[in-house]
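Enquirer: Got a structure for you, questions after.
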Amino acid sequence: MNINFEIIIPYIPYILGGLWVTIKFTILSAFLGILLGILLSIIKISKFKVLKALATFYTSVFRGTPLILQLAIIYFATPQLINYDITGLQAGVIAFSLNSAAYTSETIRAGIMAIDKGQREAAVSLGVPYNRMMLDIILPQAFKNILPALVNEGINLLKDSALVSTIGTADLLRRANIVAAEQYVYFEPLLFVGLVYYLIVILLTYSAKLLEGRLRVSD
């Protein structure tokens, strides 16, 4: 085997330059995905049948089509449809946020439905407005219960972020492929990027476990 990691040592700073792009993309997508997921989950448990049907249809579309297809449509079709030259990062954040919201909404809805109905009835009897009840009573408890699922979604977003390299965004994988093409070696740079992804996932998992432990102690 012809393996020599010394070849990529001078290019490590360049490859790691894509780390900020990957992290920024993941944070923005997760944040917007959770916000939209909360909105969708509340609509799904509401009494407005038309809105519930639209939210359900939205979820089925984004869960029933490939993520890379959604990314390609947003990136390549946006200039054609609205004459806007969208960047790869913008297209990625939009596509991943919309896709993540479809999955997250079902997780949040399940968390809300798992809360004892007696708490809602007690809040209503005390005259607590619906929006305050959801924000102050229901959602905080739901998020404690679904924290592991949300962490898994965040990890999936981080790993799937490599897909933005297919539309030219200079993330970790894109930069590793550039180095590989220039130096005619693929194993070393790709393995290095894989290690970076793995370390970030381990750090995220460990941080989530610490947070979950503190939340349990606070109960």
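The numbers here are math on the coordinates, done by the rules we state, and not lab data. These numbers were taken from a predicted model, which means no experiment stands behind them. With ideal geometry, Cβ positions are generated from the backbone for all residues, glycine too; neighbour counts draw on all protein chains shown.
Enquirer: Check LEU199, LEU195, LEU204 and return the single one that is touching a Gly at 6+ places or on another chain (Cβ under 7 Å), in a helix (DSSP H, G or I) and surrounded by fewer than 17 Cβ atoms within 10 Å (Cβ to Cβ). Please lay out each step first, then the result.
Expert: Working: LEU199 fails: touching a Gly at 6+ places or on another chain (Cβ under 7 Å); LEU195 fails: touching a Gly at 6+ places or on another chain (Cβ under 7 Å).
Being touching a Gly at 6+ places or on another chain (Cβ under 7 Å), in a helix (DSSP H, G or I) and surrounded by fewer than 17 Cβ atoms within 10 Å (Cβ to Cβ) holds for just one of LEU199, LEU195, LEU204, which is LEU204.
Enquirer: Working carefully through the options ALA95, ALA110, ALA123, find the one that is touching a residue at least 24 places away in the same chain (Cβ under 8 Å), surrounded by 18 or more Cβ atoms within 10 Å (Cβ to Cβ) and either farther than 18 Å from ILE74 by Cβ or of a type in the set (A, V, I, L, M) (or both). Before you say what the answer is, go through the steps one by one.
Expert: On the way: ALA110 fails: surrounded by 18 or more Cβ atoms within 10 Å (Cβ to Cβ); ALA123 fails: touching a residue at least 24 places away in the same chain (Cβ under 8 Å).
Exactly one residue qualifies, and that residue is ALA95.
Enquirer: Still on this structure, I have one more. Of all residues being aliphatic (A, V, I, L, M) and more than 19 Å from PRO140 (Cβ to Cβ) in region 37-58, which is surrounded by the fewest Cβ atoms within 10 Å (Cβ to Cβ)? Just the residue, please.
Expert: Just the residues of region 37-58 that are aliphatic (A, V, I, L, M), to begin with: 38-40, 42-43, 45, 50-51, 53-55.
Pick out the ones that are also more than 19 Å from PRO140 (Cβ to Cβ) and you get 43, 50-51, 53-55.
On the way: ILE43: 19, VAL50: 8, LEU51: 14, ALA53: 12, LEU54: 13, ALA55: 22.
Of everything passing the filter in region 37-58, VAL50 is surrounded by the fewest Cβ atoms within 10 Å (Cβ to Cβ).
Enquirer: Consider region 153-170. How many of its residues are in a helix (DSSP H, G or I), crowded, with 16+ Cβ neighbours inside 10 Å and more than 9 Å from the chain's Cα centre (by Cα)?
Expert: Summing the residues that are in a helix (DSSP H, G or I), crowded, with 16+ Cβ neighbours inside 10 Å and more than 9 Å from the chain's Cα centre (by Cα) in region 153-170 gives 5.
Enquirer: Picking from SER46, SER97, SER60, which residue would you name as being polar (S, T, N, Q) and in contact with a Gly (Cβ under 6 Å, 6 or more places away or on another chain)? Quick ask: steps written out before the conclusion?
Expert: Working: SER46 fails: in contact with a Gly (Cβ under 6 Å, 6 or more places away or on another chain); SER60 fails: in contact with a Gly (Cβ under 6 Å, 6 or more places away or on another chain).
The match here is SER97.
Enquirer: Now for a separate question. For region 64-92, how many residues meet the condition of being loosely packed, with under 12 Cβ neighbours inside 10 Å and of a type outside the set (Gly, Ala, Ser)?
Expert: Quick first cut of region 64-92, residues loosely packed, with under 12 Cβ neighbours inside 10 Å only: 64, 66, 69, 79-85.
Right, trim to of a type outside the set (Gly, Ala, Ser) and you get 66, 69, 79-85.
Qualifying residue count for the region: 9.
Enquirer: May I ask you to list the residues in region 47-72 that are closer than 24 Å to TYR130 by Cα and without any contact (Cβ under 8 Å) to a residue 12 or more places away in the chain?
Expert: Across region 47-72, the qualifying residues are LYS47, PHE48, LYS49, VAL50, LEU51, LYS52, ALA53, LEU54.
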